[in-house]
Amino acid sequence: MRLFKLPFKNNKEDILGESESRLVNIPKHIAIIMDGNGRWAKKRGLPRVAGHREGMDNVKRIVKAANHFNIEVLTLYAFSTENWKRPSKEVEYIMKLPIDFLQHYLPELVEENVRIQTIGEIDNLPKNTKLAIMRAKEETVNNSGLILNIAINYGSRFEMIQSVKEICQDVQSGKYQIEDITESTLEERLYTSHIDDPDLLIRTSGELRLSNFMLWQAAYTELWFTDTLWPDFSFEEFEKAINDFQKRKRRYGGI
């Protein structure tokens, strides 16, 4: 598979065999709803957790693909606020995956200039999961390459409600008048205030919904859906999504 032959670098000069035209109109920020781990395992007669393990391993492959195309931000929907409703054993296993992933791959991510960030309520994660994430963020904070933005314990409705509450408090304290509130007032209080909105949002596994993911930020994001289950989502599929994005005309409500 050609992905594993690619250099893990964030440099256009290292993109092999790419014509200059294919470097035009590359999305700066790609967000992915990584869906289908459980179904991947079920198709193979394996427990659901086996699908989550395979899905975790695919994260590294897609990070490499993002570097290949010089993507600036890759946001991965790892665990939603609704996912706590799943069986406790499955949730417990999922919460260990960031620990395992960072233990195995953090040195390589550090070496390759990847910066790890998160969106979501990480303070409510299990202690060891939170510590692993905080350590990864600290060890990559000075890196200037691809931002690997992990959405964990994230829910877009909760995010917006919390932002509105903060604005209400500022109005009550006299910091703002109601007339002063703009889109920027809310955006500055979202988890994503430090990054641009996604240009392209990919969802795997054939589901055609956003599932409470970046509802505000995706207002003008290009959407791309595939039936491929996340563990099977390959470099070729990633490239196909980018190629489709390059053909689209983004008018943002204009002509």
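Taken over the stretch 192-211, residues that are under 19 Å from D232 (Cβ atoms), in a loop (DSSP other than H, G, I, E, B) and among the β-branched types (V, I, T) amount to 1.
For I62, indicate whether it is aliphatic (A, V, I, L, M) and free of Cβ contacts under 8 Å to residues at least 40 places away in the same chain. Here the answer is no, as I62 does not meet what is asked. For the stretch 65-79, a residue qualifies if it is within 16 Å of the chain's Cα centre (by Cα), surrounded by 20 or more Cβ atoms within 10 Å (Cβ to Cβ) and of a type outside the set (A, V, I, L, M, F, W, C), and the qualifying residues are N67, T75, Y77.
Look at the stretch 78-98: where a residue is more than 20 Å from T204 (Cα to Cα) and a partner is surrounded by fewer than 18 Cβ atoms within 10 Å (Cβ to Cβ), sitting 6+ places away or on another chain with Cβ atoms under 6 Å, you get M95/P126. Figure legend. Inter-residue proximity from the stretch 202-219: first residues touching a residue at least 60 places away in the same chain (Cβ under 8 Å) and within 18 Å of W40 (Cα to Cα), second residues in a loop (DSSP other than H, G, I, E, B) and among the aliphatic types (A, V, I, L, M), beta-carbon distance below 8 Å, spacing 6+ or different chains. Indicated pairs: R203/L210; T204/M34; T204/L229; S205/L229.
Scanning the stretch 122-168 for residues that are touching a residue at least 40 places away in the same chain (Cβ under 8 Å), under 18 Å from I94 (Cα atoms) and of a type in the set (G, A, S) returns A151, G155.
In summary, E121 fulfils each of the numbered conditions (1) out of contact with any helix residue (DSSP H, G or I) (no Cβ under 7 Å at 6 or more places or on another chain); (2) modelled with pLDDT of 95 or more; (3) surrounded by fewer than 15 Cβ atoms within 10 Å (Cβ to Cβ) with the single exception of condition (3).
The values are calculated or read from the model by the stated rules, or taken from the named source; none is laboratory data. Only a predicted model underlies this, so the values are computations on that prediction, with no experimental measurement involved. Using ideal geometry, Cβ is built from the backbone for each residue, glycine included, and neighbour counts are taken over all protein chains shown.
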